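A short write-up of the structure that comes next.
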Amino acid sequence: MSISNFTAPIWLGFLAVILLLALGYLLVQRGKHRHMLRFSNMEQLEKVAPNRPSFWRHVPIVLVIVGMVFATIGAAGPTAEKKVPRNRATVVLVMDVSLSMEATDVSPNRLQVAQEAAKNFADGLTPGINLGLVTYAGTASVLVSPTTDRGSVKAAIDNIKLAERTATGEGILTALQSVETLASVLGGSETPPPARIVLMSDGKQTVPDFEDVDNPRHEFVAARLAKTKKIPVSTISFGTKWGTVDIPREDGGTDRVKVEVDDDAMQEIANLSGGDFYSAATLQELSKVYDTLEEQIGYETTRGDASRPWWLLGLLSTFVGIVVALVLRQRLP
């Protein structure tokens, strides 16, 4: 513990006084020992004091000194890091609802697993978090504006419908707009509440063309915009490299199309926006990712008072020292 972790470090100077007291006690005991050695008739000394002083006679004073040390540290106001629930923050969950979510490489399929994990995520967030829901396929839609009502978010998750194409950039941009709208409505503060976008996708962007990296609707451009607005995008790449879906043809047949996850793009979005990247291929893995995000988003680390344990230790040590003194020596130390 460094000196900067105390609110009143000047009290630590009292430790020098305690050290002097301890040294004084040792000197007194040494003086008594020398006085006993001056007794020239050792045989007579053995008769007068047949039992040598016990080591335990020092225990009470040691306990009291230790108690004073603990109390001094408590008086100096030690602090410690503590996790406390956030009472104001905004999170927008952005979910990919393209047809690739029908892939069954994650049993029973990607969509059902994603829905279950997302609802658990909503339930696990601390009450002060405003949670919104955005879905995207070829376009993006705000299904639920950020709110503390978890029921509305979970109901919207249950009613998700899949559609063609994947416009990841649209999803991020729509989420950014949703965050800004809530901040303008809340007002009354010099700084808006901290915000985070959680983007879950299972495939590559198709709208606009992925190679058109200068398009203002491109996912990488949207990620850079999120960075400038100080709204990190934490991405979850969900699925496997061997996922497939059956796409109906006009002649009534179907084409089996491979829909592998795009880990590289998701990681780049996280890097560009200042967020974190995660990957998951099962319900257990996805739930674990959401649990991690709940800890990061729902709580903040602050320094708080940590003097109480030191005061209690000081009180306990001093009390035990007094009790031992009364039991062993029938007097206070």
Checklist outcome for this item: Cα-based Rg and Dmax for the range 125-182, in Å, come out at 11.7, 35
Checklist entry - To the nearest Å, what is the center-to-center distance of the range 212-290 and the range 137-176, using C-alpha atoms only? => result 15 Å
Next on the checklist: Per q in 0.06, 0.11, 0.13, 0.15 Å⁻¹, report the Debye log10 I(q)/I(0) for the chain, using one uniform scatterer on each alpha carbon and no solvent.
Outcome noted: -0.42, -0.76, -0.94, -1.13
Checklist entry - How much accessible surface does R303 have with a 1.4 Å probe, in Å² rounded to 10? => result 120 Å²
Checklist entry - Regarding the range 184-236, what are the three Cα extents along the principal axes, ordered largest first, in Å? => result 42, 23, 17
Checklist outcome for this item: Between S279 and residues 5 or more places away or on another chain, the pairs with built amide H atoms under 5 Å apart involve S237
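Averaging the inverse of every distinct alpha carbon separation and then flipping it gives the Kirkwood radius. What is it for the range 102-232, in angstrom units? List each step's numbers first, then the result.
On the way: mean 1/r = 0.0635 Å⁻¹.
Averaging 1/r across every pair of different Cα atoms and inverting gives 15.7 Å.
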Item to check | Solvent exposure of the chain as accessible area per residue, Å², 1.4 Å probe | outcome: 56 Å²
Checklist outcome for this item: Whole-Hz Karplus couplings 3J(HN,Hα) for the range 203-217, θ = phi - 60° and coefficients 6.51, -1.76, 1.60, Gly and Pro as x, run x, 7, 4, 10, 9, x, 3, 4, 6, 7, 5, 8, 5, x, 9
Checklist entry - Separation between the R256 and Y25 pseudo-spin-labels, each 7 Å from Cα along Cα→Cβ, expressed in nm? => result 8.2 nm
Item to check | Dipole axis of the chain (+1 Lys, Arg; -1 Asp, Glu on Cβ), positive-most option in P193, I231, V97 | outcome: P193
Checklist outcome for this item: Note on the chain: contact order normalised by length, alpha-carbon pairs under 8 Å, 6 or more apart, percent, works out to 24 percent
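Would you compute, from DSSP H runs of 4+ residues alone, the mean residue ellipticity of the chain at 222 nm, taking -39500 (n - 2.57) per run and dividing by the full residue count, rounded to the nearest 500?
-14500 deg cm²/dmol
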Item to check | Count of Lys pairs (Cα-Cα under 28 Å; at least 8 positions apart or interchain) in the range 115-230 | outcome: 13
Next on the checklist: Tell me the carbon and sulfur percent of the accessible area for the chain, rounded to whole percent, probe radius 1.4 Å.
Outcome noted: 58 percent
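If a helix is a whole DSSP H run, which ones in the chain reach 30 Å or further along their own axis (Cα) and hold a mean Kyte-Doolittle hydropathy of at least 1.0? Write out the running numbers ahead of the final one.
On the way: long enough: 14-37 (35 Å, 1.11); 308-329 (31 Å, 1.55).
Answer set is 14-37, 308-329.
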Checklist entry - Taking Rh as the Kirkwood radius computed over C-alpha pairs, what is the Stokes-Einstein D of the range 203-333 at 4 °C in a medium of viscosity 1.567 mPa s, expressed in µm² per second? => result 64 µm²/s
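Over the range 274-333, what lengths in whole Å, largest first, do the semi-axes of the equivalent ellipsoid take, defined as the square roots of 5 times the eigenvalues of the alpha-carbon gyration tensor?
On the way: eigenvalues 579, 44, 8 Å².
Semi-axes (√(5λ), whole Å): 54, 15, 6.
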Checklist outcome for this item: Projected area averaged over all directions for the convex hull of the alpha carbon atoms of the range 83-124, nm², comes out at 4.0 nm²
Next on the checklist: Please enumerate, by chain and number, the aspartates and glutamates with C-alpha under 12 Å from the C-alpha of K82, excluding those fewer than 8 residues away in the same chain.
Outcome noted: E300, D305
Checklist outcome for this item: For the range 95-104, Karplus-derived ³J(HN,Hα) couplings (6.51, -1.76, 1.60; θ = phi - 60°; whole Hz; x for glycine and proline) come out as 10, 6, 10, 6, 4, 5, 5, 7, 4, 9
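The values are calculated or read from the model by the stated rules, or taken from the named source; none is laboratory data. The structure presented is a predicted model; accordingly, all values stated were derived computationally and were not measured. Don't worry about glycine lacking a Cβ; one is built from the backbone with ideal geometry, like all the others, and counts go over all protein chains shown. Calculation scope for accessible area: heavy atoms of the full protein, side chains included, ligands and nucleic acids excluded. Shrake-Rupley method; radii C 1.70, N 1.55, O 1.52, S 1.80 Å.
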